[in-house]
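Presented below is the structure to which this report refers.
The values are calculated or read from the model by the stated rules, or taken from the named source; none is laboratory data. The structure displayed is predicted, hence computed values, not measured ones. All Cβ positions, glycine included, derive from the backbone under ideal geometry; neighbour counts span all protein chains shown.
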Amino acid sequence: MANEAVIIELIGQPKGKPLRFTVADGAGIEKGTICKMTDPRTAVVSSADNDVFAGIASTEKVASDGSVTLGLYTCGIFDLKDSGSGITAGAVVNIGGANLVIASGAADLLTGSVVGKAMETASAAEVIAVAVGIY
């Protein structure tokens with residue numbers, strides 16, 4: 001997968017405040033992948049604008065390796081790629097597609113798709129620092 005998140009700084013104790021989610025044994029998820037949450041407490045690879053944010057994969061999950069859990073980082077500063085519309089520093093961002101973020105609208109604050117706060121201004125499709133889990 002392209003555009004994986006890159007760790008700048010993990011925050012909290014334990015570092016990055018990872019949460020464990022259920023994943024499908026057959027799923028392949030690369031480290032740094034933005035994941036969305038499905039019911040019940042299951043993570044899958046993000047794919048569309050407004051997916052519900054679960055976290056960022058802390059390790060690689062190899063397809064059909066027998067593992068059905070994965071830790072996801074929920075707190076830290078990560079380099080993330082803008083979906084193409086541009087983002088202003090300080091804006092709240094949400095999932096904007098597969099491993100992408102987009103500036104949030106008012107309705108996004110209610111849907112669970114919020115990822116964090118932009119720490120830099122992004123021109124279209126630029127990689128910027130985002131404070132994940134910090135709104």
Item checked: Selection within the range 17-45 - touching a Cys at 6+ places or on another chain (Cβ under 6 Å) and in a loop (DSSP other than H, G, I, E, B) -> Lys17
Next item on the list: Collect the residues in the range 120-135 that are surrounded by fewer than 20 Cβ atoms within 10 Å (Cβ to Cβ), over 15 Å from the mean Cα position of the chain (by Cα) and not acidic (Asp, Glu), keeping them in residue-number order.
Entry: Thr121, Ser123, Ala124, Ala125
Notebook entry, point to check: Given the structure, is Val92 of a type in the set (A, V, I, L, M, F, W, C), modelled with pLDDT of 95 or more and within 10 Å of the chain's Cα centre (by Cα)?
Noted result: no
Next item on the list: For the range 45-65, state whether one or more residues are at pLDDT 95 or above, within 12 Å of the chain's Cα centre (by Cα) and more than 19 Å from Ala131 (Cα to Cα).
Entry: yes
